[in-house]
Amino acid sequence: MLAALYPAQQPALEGQWLASLGPLPYDLMTQGGIAAGEAAADTMLDARANDGRNAPFAFDIGNDPGDWRPLTPTALDPAAWVGNVRPFLIKSPSQFRTDGPYDITSAAYARDFAEVKALGSLRFRLLLGRLSHDVIRIVLHPYVVDFLDGAPP
């Protein structure tokens, strides 16, 4: 199965596969196990063919409020195509999707934005040495894990 997914590595994979079979007796049970494994692998490969794996993906980057912007030009996820792969064990990712963010013009969005801004400001002042760790712990606890000293509160 791996050789089908990574053909360039086929010689190394085959060598490892043969080495893993080395301690086994070459009898009907081993041959049956190999045949069952190969049939399962073929079935899985057929089921997953054209499922979106490694499909091209383009990021939708924007400059308007609410648009996604990478932190740096190189901060793009190299495996973003995974988001478009047909699910394996569930019907659809939408089964587990949240409602998403509030509308950018809503009062709820403004409230959450102000909270994040305030907490970020506290952290920034701490980094500048203008606020003690204890003040940050009092304000943030129990909302977040205390990353200030690397240990949970």
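Being of a type in the set (G, A, S) and modelled with pLDDT of 90 or more: is that true of A4 here? No.
Is one or more of the residues making up the range 76-86 touching an Asp or Glu at 6+ places or on another chain (Cβ under 6 Å), within 30 Å of G52 (Cα to Cα) and modelled with pLDDT of 80 or more? Within the range 76-86, one or more residues are touching an Asp or Glu at 6+ places or on another chain (Cβ under 6 Å), within 30 Å of G52 (Cα to Cα) and modelled with pLDDT of 80 or more. Restricted to the range 1-49, and to residues there that are of a type in the set (V, I, T) and closer than 25 Å to F88 by Cα, the residue that is surrounded by the fewest Cβ atoms within 10 Å (Cβ to Cβ) is T43. Return the residue satisfying two criteria in turn: it lies in the range 87-130 and is under 25 Å from the mean Cα position of the chain (by Cα) and of a type in the set (V, I, T), and of such residues it is modelled with the highest pLDDT. Per the stated criteria, the residue is I90. Whether any residue in the range 49-72 is out of contact with any Leu (no Cβ under 8 Å at 6 or more places or on another chain), farther than 16 Å from A4 by Cα, free of Cβ contacts under 8 Å to residues at least 24 places away in the same chain and hydroxyl-bearing (S, T, Y) is what I want to check. So far as the range 49-72 goes, yes, one or more of its residues are out of contact with any Leu (no Cβ under 8 Å at 6 or more places or on another chain), farther than 16 Å from A4 by Cα, free of Cβ contacts under 8 Å to residues at least 24 places away in the same chain and hydroxyl-bearing (S, T, Y).
The values are calculated or read from the model by the stated rules, or taken from the named source; none is laboratory data. The structure displayed is predicted, hence computed values, not measured ones. When we count neighbours, we look across all protein chains shown, and the Cβ atoms used for this are built from the backbone with ideal geometry, even at glycine.
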